[in-house]
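A short write-up of the structure that comes next.
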Amino acid sequence: MSQNTAVDQIAVAEEALQQIPEEHIEEIELLLRADSANATHDLIDFCPETRIGFSVGYDLTEPVRAAILKVPQNAWVAALEQDGTARTNGEVCELSDLVDLSSWPEGTRLICRRERPHPGAQLSFTDHDGHRFQTFLTDQASP
């Protein structure tokens, strides 16, 4: 399977679901993670239908870039490590109210992470104020 289309991605997810013993399927919380190349409506729409949460990369489109520039400095909060401690380099904010997400499933959120690149890294035209930005769509609730 090539995994280059939403149909392929959905087939892989369905195959993964079939591996879960039937007696455990209702109690397991599932999360589909993918990069922005896989953030298709077909794949994301599939997730709520099958009780799968999602967290997928999202492109830094012009509306997303414009939203990032509107975020006040005090809206950025420290990103957390897996153990819950604050990361030394990384902050996050929510862009959901600044970008039109109406075509995505209800409850979809757009989260942005910014960090300073490592010394010597080349910045690109999508970087602003010395930060690198990454965004992702998720249906995970706010903590």
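The values are calculated or read from the model by the stated rules, or taken from the named source; none is laboratory data. Please read these numbers as outputs of a predicted model, since none were measured by experiment. A quick note on method: Cβ atoms are made from the backbone with ideal geometry, for glycine too, and the neighbour counts reach across all protein chains shown.
Any residue in the stretch 15-25 that is aliphatic (A, V, I, L, M) and within 19 Å of the chain's Cα centre (by Cα)? Looking through the stretch 15-25, none of the residues is aliphatic (A, V, I, L, M) and within 19 Å of the chain's Cα centre (by Cα).
Yes/no matrix, rows are residues, columns are (1) without any contact (Cβ under 8 Å) to a residue 60 or more places away in the chain; (2) within 30 Å of LEU17 (Cα to Cα); (3) touching a helix residue (DSSP H, G or I) at 6+ places or on another chain (Cβ under 7 Å); (4) not assigned by TED's automatic domain parsing to the domain that holds ARG132:
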residue	(1), (2), (3), (4)
PRO63	yes, no, no, no
LYS70	yes, no, no, no
LEU80	yes, yes, no, no
GLY84	yes, yes, no, no
THR88	yes, no, no, no
SER96	yes, yes, no, no
VAL99	yes, no, yes, no
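Scanning the stretch 2-23 for residues that are assigned to a helix (DSSP H, G or I), of a type outside the set (D, E, K, R) and within 20 Å of ASP35 (Cβ to Cβ) returns ALA6, VAL7, GLN9, ILE10, ALA11, VAL12, ALA13, ALA16.
Since GLU23 meets every condition but one in (1) surrounded by 15 or more Cβ atoms within 10 Å (Cβ to Cβ); (2) not assigned by TED's automatic domain parsing to the domain that holds ARG116, which condition does it not meet? Here GLU23 clears every test but (1). Listed here are the strands (runs of 3 or more DSSP E) enclosed by the stretch 61-120 that have at least 3 residues being in contact with a Leu (Cβ under 6 Å, 6 or more places away or on another chain), and there are none. Screening SER55 with (1) free of Cβ contacts under 8 Å to residues at least 40 places away in the same chain; (2) under 19 Å from CYS112 (Cβ atoms); (3) outside any helix (DSSP H, G or I) gives one miss only, at (1).
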